[in-house]
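The values are calculated or read from the model by the stated rules, or taken from the named source; none is laboratory data. Computed from a predicted structure; not experimentally measured. Every residue, glycine as well, gets a Cβ built from its backbone with ideal geometry; the counts of neighbours run over all protein chains shown. With ligands, DNA and RNA removed, areas are computed over all heavy atoms of the protein, side chains included. Shrake-Rupley method; radii C 1.70, N 1.55, O 1.52, S 1.80 Å.
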Amino acid sequence: MNVLNHEKLHQKYFEEISRIPRASKKEKACADYLEGFAKTHGLSYKRDELDNVVIYKPASAGYEDHGAVILQAHTDMVCEKNADCAHDFDNDPIDLYIEDGILKARGTTLGADDGMGCAYMMALLAEDLPHPVLECAFTVQEEIGLYGAFALKPEYFTGKRYVNLDFGGHGRGTCTTSAGGEMISLKKPVEFEPCVSQAYRIFVTGLKGGHSGGCIIMELGNALKICARILKEISGSCDMRIVSLNGGLKNNAIPRECEAVFASDAKEEDIRGAFDKMKAQICNEINFQEPDFAVTLEKTAGESAICEEVSADLIDLMYLLPTGVRHRSLRIENLPVASENFAAVRCGEDYVNFQYSLRAEKSSYRDQMEKELCILAGIYDMTMDVSGKYPAWEFNPDSSLRNTLCRVYKEKKGEDMELLATHGGLECGVFCEMIPGLDVVTLGAETDGAHTPKEQMNLKSFDETFEILKAFLKEL
C-alpha cells in the first residue's frame, strides 16, 4: 500500500527510493534501480565503479541551443535509528507515514537527505517539460566524505550551470556558500585483562543529536562529552578500569547516545555520589536545549577490562577532545565558520577508536584544528588517520543563475528568496573544482531533523519546490 500520492511523480519516486536500502557504500541496489529507470525511459546514462549514475535527457523543443544544466543529488542516506527500533538498514524499506502533512519515518531517519533531490531529478527525467539538456548526477557516499562526487570526471558533463538539490533553507532559500571539511580517526591500542571487580554501566540517552554542520551552533548535548565528564568525576575519587566504550554512529551526526562500562573496587555509594553530582550539573547546564536528556548508572557484568593507567588516559582524552563551534561569522548571523564534532567512540578487541569531523570556511582553520588533534594523539600514543577532505564552496557575487532563480521564486511565491550560507558540507565545492567557472545554486524543500530519527519533510513544500524547479528550468 502506497503512503504517498503516486500521481505526483516526485512523490512516487521518493517512495520507491525509500524502499531501497541505501546506506553509504551500499548504494548498488539504488544504482541498479536508476540504471533500470534510464533504460525504461530510453535515456542515455553513465555508471561508474562506485555506483555514481549520471542520466542524460535531451533538450525539449526550442531549448536545443540553451546550454546544458547539471542537476545533482546524492543517493546515500544517514542510517540512524532509535535504540528500541528493530529496523535493518541493509534489508528493510523505510517505514513512511504522514502526520499533519509532514512525512516521517517510524524510528529511523527518513532519507529526505537526499532522496528528495533524487526524486526531483527522476520526475524531471520522466515528465514532458520545457527545459535545456539535463545532466542528472546521482552521487554516492556523500554522507561519509563526498567520495562519489570526487570520483566523477569532468568529461561526464558539458553544462556550466549547476543546481544542487541537497539544500533548501527550509524551502525558502538558496545557499550561496558552504564549508569544507575532513574526517579524522584516532586509534589507541589497548590490552584487556581479567577483571573480578564490580562493573557498572553508564548510559547517556535522550539527546536531540542532529547534523554536525547545521546543528553544531545550537549548543546541543554531545553524549560522548557528557559521558567523559561523568567518568572523570567518578575516577577522581575511585579506581576505574574501562570495560567498554561505545557511542555515536556517524561522523557527521552529533552523538545522541553513549554507553560506558567500567569496573571498580570502590564503594558503590562513593561511585553513585560522584555520578549524581555530575548528573545534576549537566542537567542544570542543558535543561533548556535538551529537556529529554537522561543518564543512568546500574550494576552489570564485566569479565575483562583495560588496566587502570590506560583507562585513565582514555578518560582524559575524551575529556579533553574539543567539540562545538570554534569560530563564527561576524557577517552572517548564526553561521559557524569553523567547528569540531567529536562524533563516535568504538571499543574493539585490541583498540579504542575515536571518530571526528572538522568543518571550516577557511582551510587555515581546518589545518589548525587538525594539528591540535595530532598533538593530542601524540601525547596519548594514538595513531591518527585523516580522510575525506573536501573543499569549501566560495561565494560568487555575480551569479546570473542565482538571479534567475530568485526572480522565478518571487514570481511563484510572491516573496523574496532568502540567500543563505551553510556550515554543512555540500558537493558544490567538488563540482566547482572539477568544472572551472561553474555557476551554482541550490534548491530544496522544507525538511528538518536531518541525520536523526526525527527527520521529516513538509509535503506541501515538497510539491511547491518542484513547481519552482520546473519554472526555473523553463527560464534557462
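Cα centroid separation, segment 346-376 to segment 128-150: 29 Å.
Accessible-area rank, largest first, for Thr447, Thr40, Thr75: Thr40, Thr447, Thr75, with all protein chains present and a 1.4 angstrom probe. Site pair Val196 and Asp239 shows an inter-label distance of 1.2 nm when each label is modelled 7 Å from Cα along Cα→Cβ. What percentage of the solvent-accessible surface of segment 115-258, computed with a 1.4 Å probe over protein heavy atoms, is contributed by carbon and sulfur atoms? Exposed carbon and sulfur together represent 52 percent of the surface.
Determine the gain in length on full extension of the stretch Ala280-Ile98; use 0.36 nm per residue of separation and subtract their C-alpha separation, reporting nm with one decimal.
Here the segment from Ala280 to Ile98 would lengthen by 61.7 nm.
For Asp385, the accessible surface of its heavy atoms amounts to roughly 90 Å² (probe 1.4 Å, protein chains only, rounded to the nearest 10). Pairs of C-alpha atoms in the chain farther apart than 37 Å represent 30 percent of all such pairs.
For every helix of n ≥ 4 consecutive DSSP H residues, a contribution of -39,500 (n - 2.57) applies; sum these over the chain, divide by its total residues, and give [θ] at 222 nm rounded to the nearest 500 deg cm²/dmol.
On the way: 11 runs with 142 residues, N = 476.
Here the helix-only value at 222 nm equals -9500 deg cm²/dmol.
Counted over all Cα-Cα pairs of segment 90-198, pairs farther apart than 20 Å make up 64 percent.
Rounded to the nearest 0.05, the FRET efficiency derived from the C-beta distance between Lys8 and Ser387 at R0 = 35 Å is 0.35. Is the shape of segment 389-476 best called rounded, prolate or oblate, per the rule: a/c under 1.5 gives rounded, else a/b larger than b/c gives prolate, else oblate, with a ≥ b ≥ c the square roots of the Cα gyration tensor eigenvalues? Here segment 389-476 falls in the oblate category. The residues of segment 376-476 expose, per residue, 43 Å² of accessible area to a 1.4 Å probe.
With a probe of 1.4 Å, find how much accessible area segment 253-326 has per residue, and write the answer as a whole number in Å².
Values: 3630 Å² over 74 residues.
With the other protein chains kept in place, segment 253-326 gives 49 Å² per residue.
Placing Arg272, Arg241, Arg172, Arg328 in order of accessible area, with the largest value first and a 1.4 Å probe, yields Arg328, Arg172, Arg272, Arg241. Here, segment 194-300 is characterised by an Rg to Rh ratio of 1.00, where Rg is the alpha-carbon radius of gyration and Rh the Kirkwood radius.
With each pseudo-label sitting 7 Å past Cα toward Cβ, what's the Glu418-His41 distance in nm, one decimal? Reported label-point gap for Glu418 and His41 is 3.0 nm. Probe radius 1.4 Å, ligands and nucleic acids ignored: give me the carbon and sulfur share of the accessible area of segment 380-476 as a rounded percent. The computed percentage sits at 43.
Calculated accessible area for segment 118-229 comes out at 30 Å² per residue, all protein chains present (probe 1.4 Å; ligands, DNA, RNA ignored).
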